[in-house]
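S.K.: What follows is a structure written as structure tokens; I'll ask about it next.
The values are calculated or read from the model by the stated rules, or taken from the named source; none is laboratory data. Small disclaimer: the values here were computed from a predicted structure and weren't measured. With ideal geometry, Cβ positions are generated from the backbone for all residues, glycine too; neighbour counts draw on all protein chains shown. Remember, those area values only see protein heavy atoms, side chains included, never the ligands or the DNA or RNA. Shrake-Rupley method; radii C 1.70, N 1.55, O 1.52, S 1.80 Å.
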Amino acid sequence: MEIQGLSKSYGTIRALDDASLLVAPAQVFGLVGPNGSGKSTIIKALCGILKPDSGSVRVLGLEADRNRHAIRERLGYMPQTPSLYDDLSPAENLRFFGGGFRVPDLDTRLRSVLEFVRLWDRRNDPLYTFSGGMRQRASLACALMHDPELLILDEPTAGVDPALRQNFWDHFAELRSRGRTIFLSTNQMDEALRCDRIAILLNGKILVTETPEAIRSRGKAHITLDVNGGQTSMEVGDYEKELPRILAEYGLGPQVNRISIRRQSLEEVILDLIEEAGPG
């Protein structure tokens, strides 16, 4: 999946500004950024829901704007706001979506995905009786119904309880091991850490695309040494390189009683990158 020089405006609002991304197959790729940064616009462009002003989008080796229907058969999409029929039950919604994709052995697949999202016991209840988190689960079930090669998920775990969120991620790992690709947006830093790679988006621009640990390594570390009963503190940019030098100054002798290291979290590093990039 590849995006090159993607730009999109809504009137005077620049939602995407020359954004480029490359997502390798069989990985979990996370899109991280504040509200209004352009995450949903990128996802809609990948799904062929909107036409960009400029740039190109290739999905599963096909040009998105020319092959929308062929891509749609191989792609599972979960929007940020569930697009379901409220007066239908989860089972009825899934039969509708599954029939459109000509899913073989429809009833078996329906039960499998509803059990995964823990809605089997509520399969015949109308969706208007469901909570927001339960509707998210039903929406994910629809995206999974035809066992797609590529899953595109817009904040899939919003409103989902922690235990079920863990189950979601266990399933994402299983899908990745089977060669599936997952592209998702999230504001949860613990979820970003689970991704193989993440891109940070701000004001429609990609600030950086790296592994979560590589991004975290851009941050600072606060090192405190307890030397002969007194404390010496310092902040360093690359503690893996700086720590040996610092300790060498003390000869690693018995006068160094304790070493404390606190690295910036991924969230702190991302916030710093966003602050450094500025408002425009």
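S.K.: Select from segment 7-29 the residues that are in contact with a helix residue (DSSP H, G or I) (Cβ under 8 Å, 6 or more places away or on another chain) and hydrophobic (A, V, I, L, M, F, W, C) and write down the one among them that is most open to solvent (accessible area, probe 1.4 Å).
M.R.: Out of the qualifying residues, it is Ala26.
S.K.: I would also like to ask the following. Does Leu60 fit the bill of being touching a helix residue (DSSP H, G or I) at 6+ places or on another chain (Cβ under 8 Å), at pLDDT 95 or above and among the hydrophobic types (A, V, I, L, M, F, W, C)?
M.R.: Here the answer is no, as Leu60 does not meet what is asked.
S.K.: So in segment 178-208, with the set limited to residues that are in contact (Cβ under 8 Å) with a residue 60 or more places away in the chain and in a helix (DSSP H, G or I), which one is farthest from Glu149 (Cα to Cα)?
M.R.: Checking each candidate, the answer is Met189.
S.K.: Of the numbered conditions (1) surrounded by fewer than 20 Cβ atoms within 10 Å (Cβ to Cβ); (2) in contact with a helix residue (DSSP H, G or I) (Cβ under 6 Å, 6 or more places away or on another chain); (3) assigned to a helix (DSSP H, G or I), Gln166 fails exactly one; give the number of that condition.
M.R.: (2)
S.K.: Being part of a loop (DSSP other than H, G, I, E, B) and modelled with pLDDT under 75 is the filter here, so list the residues in segment 222-273 that pass it.
M.R.: The answer is Asn228, Gly229, Glu249, Tyr250, Gly251, Leu252, Gly253, Pro254, Gln255.
S.K.: If you don't mind, there's one more thing I want to ask. Can we say Arg176 is more than 30 Å from Asp107 (Cβ to Cβ), of a type outside the set (Gly, Ala, Ser) and modelled with pLDDT of 90 or more?
M.R.: When the stated conditions are applied, Arg176 does not pass them.
S.K.: Give me the pairs: first residue in segment 19-32 and under 18 Å from Arg194 (Cα atoms), second residue among the aromatic types (Phe, Trp, Tyr) and buried (at least 22 other Cβ atoms within 10 Å of the Cβ), beta-carbon distance under 7 Å, and six or more apart or on different chains, which are they?
M.R.: Pairs found: Val23/Phe183; Phe29/Phe183.
S.K.: How about segment 49-83: which of its residues are open to solvent by 40 Å² or more (accessible area, probe 1.4 Å) and touching a residue at least 24 places away in the same chain (Cβ under 8 Å)?
M.R.: Within segment 49-83, Asp53, Ser54, Gly55, Ser56, Arg58, Leu60, Arg72, Glu73, Arg74, Tyr77, Gln80, Ser83 meet the criteria.
S.K.: Can you tell me which residue in segment 139-163 is nearest to Ser83 (Cα to Cα), limited to those that are open to solvent by 10 Å² or more (accessible area, probe 1.4 Å) and assigned to a helix (DSSP H, G or I)?
M.R.: So the residue we want is Cys142.
S.K.: Let me ask something else about it. Does Leu175 satisfy being under 22 Å from Ala64 (Cβ atoms) and assigned to a helix (DSSP H, G or I)?
M.R.: yes
S.K.: Could you count how many residues in segment 96-105 are open to solvent by 40 Å² or more (accessible area, probe 1.4 Å) and under 13 Å from Ala141 (Cα atoms)?
M.R.: Residues flagged as open to solvent by 40 Å² or more (accessible area, probe 1.4 Å) and under 13 Å from Ala141 (Cα atoms) within segment 96-105 amount to 2.
S.K.: Specify the residue that is farthest from Arg68 (Cα to Cα); the eligible residues are those in segment 35-48 that are open to solvent by 50 Å² or more (accessible area, probe 1.4 Å) and touching a strand residue (DSSP E or B) at 6+ places or on another chain (Cβ under 9 Å).
M.R.: By that ranking, first place goes to Gly36.
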